[in-house]
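The values are calculated or read from the model by the stated rules, or taken from the named source; none is laboratory data. Keep in mind it's a predicted model, so treat the numbers as computed, not measured. Cβ atoms come from the backbone with ideal geometry, glycine included; neighbour counts cover every protein chain shown. The accessibility values were calculated without ligands, DNA or RNA, using every heavy atom of the protein model including side chains. Shrake-Rupley method; radii C 1.70, N 1.55, O 1.52, S 1.80 Å.
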Amino acid sequence: MTEILILGTDKRLQYVADILSEKYSTEIYLRDYKRLFSDKKRKYDVLVLGIPCCTDGENVNIPLSDEKIPLDILPDIVDKNGVITGGMIPPRLYEICREKGIACEDYYKSEAVVLKNAVPSAEGALALGINMTADTIFKAKILITGYGRIASILAKYLVAMGADVTVAARKEEKLILAEINGCKATDFCNLHNVIGEYSLIYNTVPDLVIDKKTAEKIDRRTVYIELASKPGIDTTLCREYGINFVNGGGLPSKTAPKTAGKIIADSIKQILDRHGKKHKAVTDTENSV
């Protein structure tokens, strides 16, 4: 039976373990990692990491633990025909696996997974906005920077709740689509002229889209919620101008870990099915020789 080890403290991973255990021999490791890696004889068929699986380029991301697990020791606990999978895998881990001859796949690279994951992200962002502001979403003036997967779903929710939503984006087709879906639209060049109007700002662009000239015009009562992997505003400007900056990272894990866990588990099952078929094909070929 396929043996799976899950490393990490993310709530999503606990649901991943529950789902995978229905079909595979699954173990989740939350602490005492040194003991795990000291057992050189124990090898797993599959090693599952969280998302993002690494934030510093060198160590596994385990947010609730002070221990460090260097990426280069991960192959020590994986069978030679095994698979390492995680979310947002860095180039370094691909390189390590290639050197060791171990398969490495990112379960978050599937467009279907990213789209599914956008729903709990958008719902979590909506909940943050409701809880962090003093007024109702109804009739609130809200700005969303970017109009990708999460932003478009979030905008749909906000419009349905009666909010006055404006979308700022670079591409004309994104602005047109936002207008078709009931939002107002503006480009980033005009942002400094209108940004003072909004009581709630969501950023989904992983780039600096709010410069100093624009930041200084944000109302001090406005709540800025960061949803991108890299901030859309210099956080030193937030401190300088007293902007209410809220980090909205990891929302699926915080607001809908069960749903997010199922999304990850389904993607991992697909990866294992592919590798199982490859392994069977190789075995059949060998037997026919």
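Largest GNM mean-square fluctuation across Leu154, Leu49, Leu126, computed for the chain with C-alpha springs under 10 Å, falls on Leu126.
Where does the stretch 16-125 land on Rg/Rh, using Cα atoms and the Kirkwood Rh?
Numbers: Rg = 14.5 Å, Rh = 15.0 Å.
My calculation puts Rg/Rh at 0.97.
Taking every protein chain into account, the 1.4 Å probe leaves Val167 with about 0 Å² of accessible area, to the nearest ten. Here the stretch 58-187 carries DSSP beta bridges of which approximately 10% are antiparallel, counting only pairs with both residues inside. Computed log10 I(q)/I(0) for the chain at 0.14 Å⁻¹: -1.00, from the Debye equation with unit scatterers placed on every C-alpha and solvent omitted.
With runs of 4+ DSSP H residues as the only contributors, calculate the mean residue ellipticity of the chain at 222 nm using -39,500 (n - 2.57) per run, divided by the residue total and rounded to the nearest 500. Can you show the working numbers first?
On the way: 11 runs with 121 residues, N = 289.
For the chain, the value works out to -12500 deg cm²/dmol.
Only protein heavy atoms count here; on that basis, with a 1.4 Å probe, Ser267 has an accessible area of about 10 Å². Taken about its Cα centre, the stretch 12-72 carries a charge dipole of about 260 debye when Lys and Arg each add +1 at the Cβ and Asp and Glu each add -1 at the Cβ. Sorting the segments 200-210, 106-116, 75-85, 254-264 by their mean number of nearby beta carbons within 10 angstrom, highest to lowest, gives 200-210, 254-264, 75-85, 106-116.
Within the set Lys34/Lys68; Lys141/Lys217; Lys109/Lys262; Lys116/Lys156; Lys68/Lys100, which residue pairs have Cα atoms separated by over 18 Å? Walk me through the intermediate numbers first.
Details: Lys34/Lys68 9 Å; Lys141/Lys217 15 Å; Lys109/Lys262 16 Å; Lys116/Lys156 15 Å; Lys68/Lys100 21 Å.
Cα-Cα > 18 Å for Lys68/Lys100; rest within.
Multiplying the residue separation of Val194 and Asp56 by 0.36 nm and subtracting their alpha-carbon distance yields 46.0 nm.
Residues with beta-carbon under 12 Å from that of Lys262, excluding Lys262: net charge, scoring Lys, Arg +1 and Asp, Glu -1? Write out the running numbers ahead of the final one.
On the way: positive: Arg12, Lys116, Lys258, Lys269; negative: Asp18, Glu22, Asp266.
Summing Lys and Arg as +1 and Asp and Glu as -1 gives +1.
Please state, as a whole number in µm²/s, the translational diffusion coefficient that the Stokes-Einstein equation yields for the stretch 89-221 at 10 °C and 1.306 mPa s, with Rh defined as the Kirkwood radius across alpha carbon pairs.
Working: Rh = 16.4 Å.
The estimated diffusion coefficient comes to 97 µm²/s.
Spin-label model, Lys269 to Ser65: label points 7 Å out along the Cα-to-beta-carbon direction sit 2.7 nm apart. Taking every DSSP beta bridge that has both ends in the chain, the antiparallel portion is near 5%.
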